1. Output the qualifying pairs, or none if there are none: Cβ atoms under 6 angstrom, residues six or more apart or on different chains, first residue in segment 35-48 and closer than 13 Å to F131 by Cβ, second residue β-branched (V, I, T).
2. May I ask you to verify whether S69 is within 14 Å of ligand 1 (Cβ to nearest atom), surrounded by 13 or more Cβ atoms within 10 Å (Cβ to Cβ) and more than 13 Å from T8 (Cα to Cα)?
3. Looking at segment 66-78, is at least one residue in contact with a Phe, Trp or Tyr (Cβ under 9 Å, 6 or more places away or on another chain) and more than 19 Å from A22 (Cα to Cα)?
4. Would you check if there is a residue in segment 118-140 being at pLDDT below 95, open to solvent by 20 Å² or more (accessible area, probe 1.4 Å) and either under 15 Å from the mean Cα position of the chain (by Cα) or of a type in the set (G, A, S) (or both)?
5. Return the pairs, sorted by first residue and then second, in which the second residue is open to solvent by 20 Å² or more (accessible area, probe 1.4 Å) and β-branched (V, I, T), the first residue lies in segment 97-115 and is in contact (Cβ under 8 Å) with a residue 12 or more places away in the chain, the beta carbons are less than 8 Å apart, and the residues are 6+ apart or on different chains.
6. Among the residues of segment 31-49, write down those that are open to solvent by less than 20 Å² (accessible area, probe 1.4 Å) and closer than 19 Å to N122 by Cα.
7. Would you be able to say whether some residue in segment 16-30 is within 21 Å of F131 (Cα to Cα) and either within 12 Å of ligand 1 (Cβ to nearest atom) or open to solvent by 50 Å² or more (accessible area, probe 1.4 Å) (or both)?
8. Could you pull out the residue among T93, T102 that is under 13 Å from the mean Cα position of the chain (by Cα), more than 24 Å from F133 (Cβ to Cβ) and among the polar types (S, T, N, Q)?
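The values are calculated or read from the model by the stated rules, or taken from the named source; none is laboratory data. Only a predicted model underlies this, so the values are computations on that prediction, with no experimental measurement involved. Cβ placement follows ideal geometry from the backbone for every residue including glycine, while neighbour counts extend to all protein chains displayed. Each accessible area value is taken on the protein alone, full model and side chains, heavy atoms only, with ligands, DNA and RNA left out. Shrake-Rupley method; radii C 1.70, N 1.55, O 1.52, S 1.80 Å.
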Amino acid sequence: MTGNRTFTMIKPDAIEKGVGGAILKQIQEAGFKIIALKQTKMSPEQAGKFYFIHCERPFYADLCSFMSSGAIIPAILEKENAVEDFRKLIGATNPANAEPGTIRKNFAESIDKNAIHGSDSNDNAIIESNFFFSELERIS
Ligand code: ATP
Ligand code: MG
């Protein structure tokens with residue numbers, strides 16, 4: 001079961017633009033089942049913890065500031081080959097390089113305001129899911 005789940009987070013730019021619902025629709029139409037979902041907002045400290053893997057990168061401070069600037073929609077998703085298929089669905093980090101039809105091509109404006117996060121491995125999907133959701137908040 002572990003390999004069939006990934007974690008996502010619709011970012012503040014997309015919520016602000018009012019396209020959170022449209023993004024969830026595209027995710028569901030691509031065959032992902034929603035296991036957990038909520039709307040919340042991170043503090044700068046929480047964003048710093050979530051993206052700690054990037055703490056040495058020059059964009060880390062801006063990334064944490066942006067990710068705590070507004071509402072986000074975190075979710076756990078299930079599908080065969082979930083992590084890899086979801087990365088394909090969201091497209092390249094920089095929307096300018098994203099394939100047509102991907103979520104970032106459809107909804108993102110720039111590399112720093114790129115609409116959505118997707119886990120990059122099964123291990124990180126579990127860590128990131130546990131960061132946001134208790135067992136009670138998941139359907140199974
Ligand atoms: P995410 O982890 O959000 O799904 P990603 O895996 O495609 O994105 P990462 O390399 O993990 O990309 O970078 C995390 C986030 O940091 C990116 O989504 C982007 O918002 C920001 N970021 C990455 N590279 C840059 C950059 N060169 N300049 C500004 N922001 C960047
Ligand atoms: Mg990443």
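1. Qualifying pairs under 6 Å: A36/I76.
2. yes
3. yes
4. Yes; the residues of segment 118-140 include at least one that is at pLDDT below 95, open to solvent by 20 Å² or more (accessible area, probe 1.4 Å) and either under 15 Å from the mean Cα position of the chain (by Cα) or of a type in the set (G, A, S) (or both).
5. Sorted first by the residue in segment 97-115, then by its partner, the pairs are R104/T93; F107/V19; I111/T93; N114/T93; A115/V19.
6. Step one: of segment 31-49, the residues open to solvent by less than 20 Å² (accessible area, probe 1.4 Å) are 32, 35-36, 42, 47-48.
Residues satisfying the conditions are F32, I35, A36.
7. Checked against the condition, which is being within 21 Å of F131 (Cα to Cα) and either within 12 Å of ligand 1 (Cβ to nearest atom) or open to solvent by 50 Å² or more (accessible area, probe 1.4 Å) (or both), segment 16-30 yields no hits at all.
8. Among T93, T102, only T93 is under 13 Å from the mean Cα position of the chain (by Cα), more than 24 Å from F133 (Cβ to Cβ) and among the polar types (S, T, N, Q).
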